[in-house]
1. Arranged by the count of other C-beta atoms within 10 angstrom, fewest first, what order do 57, 69 take?
2. What percent of all Cα-Cα pairs in the range 8-225 falls in each 10 Å bin, counting up from 0?
3. If you average the sequence gap of Cα pairs under 8 Å that are 6 or more apart and divide by the length of the range 102-232, what percent do you get for the contact order?
4. In a Debye calculation with equal point scatterers on the alpha-carbon sites of the range 50-151 and no solvent, what is log10 I(q)/I(0) at q = 0.13, 0.16 Å⁻¹?
5. Please give, to one decimal in nm, the separation of the simple spin-label points placed at residue 157 and residue 98, each 7 Å out from Cα toward the Cβ.
6. Given charges of +1 on the Cβ of Lys and Arg and -1 on the Cβ of Asp and Glu, with all other atoms neutral, how large is the dipole of the range 8-225 about its Cα centre, in debye to the nearest 20?
7. Once Lys and Arg get +1 and Asp and Glu get -1 on their Cβ, which of 185, 158, 16 lies farthest toward the positive end of the dipole of the range 8-225?
8. Among 146, 50, 110, which residue has its Cα positioned farthest towards the positive end of the charge dipole of the range 8-225, with +1 placed on the Cβ of Lys and Arg, -1 on the Cβ of Asp and Glu, and the dipole taken about the Cα centre?
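A short reminder: the numbers here are calculations on the coordinates, not readings from a lab. Keep in mind that this is a model prediction, so the values were computed, not measured. All Cβ positions, glycine included, derive from the backbone under ideal geometry; neighbour counts span all protein chains shown.
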Amino acid sequence: MYSWYTPLMKIVSFNIGNFVWVLYTQRAQHYAFQRKDADAVVNLVTNENADVVFLQEIATHEDADMLKEMFPSFPYSLKIQTETHALSLFLSRYPVEEVHHTYSNDYHINGVTFFPIHLYAFSSKVRSVQTNLLLPDLPKEKGVILGDTNFWIYKDFFFSKRDKASYNRITKTYTDCLRHLGETCRIKLSLDKIFITKDLQATDSKIVKHRIGSIDHYLITTTISTQENKGHLLVP
């Protein structure tokens, strides 16, 4: 067991994928990130002074390795690339214990289990299958799900019944920290989420609507408390 402990942890999730990737190639995204966006991403994340950071849609392993070096205050870093993830980077100020599952991994930090997700963008049917596969592995207490769900949500409206069903299955045991806070990307949808189990508290949840280049998502963040509570969500 690790001896590190803090009752509060600030979490950041940020899909830094560049829309150039959709228009051209993964290599084009890599060049755009290296030349224009990397410093801006690092500065935006650093300004949040987070304890745990999950970055998604990194174009290449070269970019991921560069980002690890650009975040020296996060001594614990793991590249993630599984069946349900594009290349991602998980960063922590505290020691991390990685636990492997069939379809994804989770990460234990200070008694909290972090479950990073990045669901498929182009089919709600595939997202529904992915959600069903991941659900058995989700922690039932002291758990955090974070990342790009790709659930097409505009305010309280779901464009897909499958996405709504997947969301409802998750929120049976988890609270959506960003509900009612608005869009998390430039196309006005709430794709990115931080969910917490109901035994955790969340404060200062926000969406940082700062645009960087052609990155089409916004940074999202919340601060969780691991102290005992009555299961209420504290809204900003």
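1. On the way: 57 22, 69 8.
With the fewest neighbours first, 57, 69 line up as 69, 57.
2. 8, 37, 40, 14, 0
3. Numbers: 241 pairs, mean separation 27.6, N = 131.
Dividing the mean separation by the residue count of the range 102-232 yields 21 percent.
4. -0.45, -0.68
5. Between residue 157 and residue 98, the label points sit 4.2 nm apart.
6. Values: 25 positive and 24 negative charges, 171 e Å.
Magnitude of the dipole: close to 820 debye.
7. Farthest along the dipole direction, towards plus: 158.
8. The residue sitting most towards the positive pole is 146.
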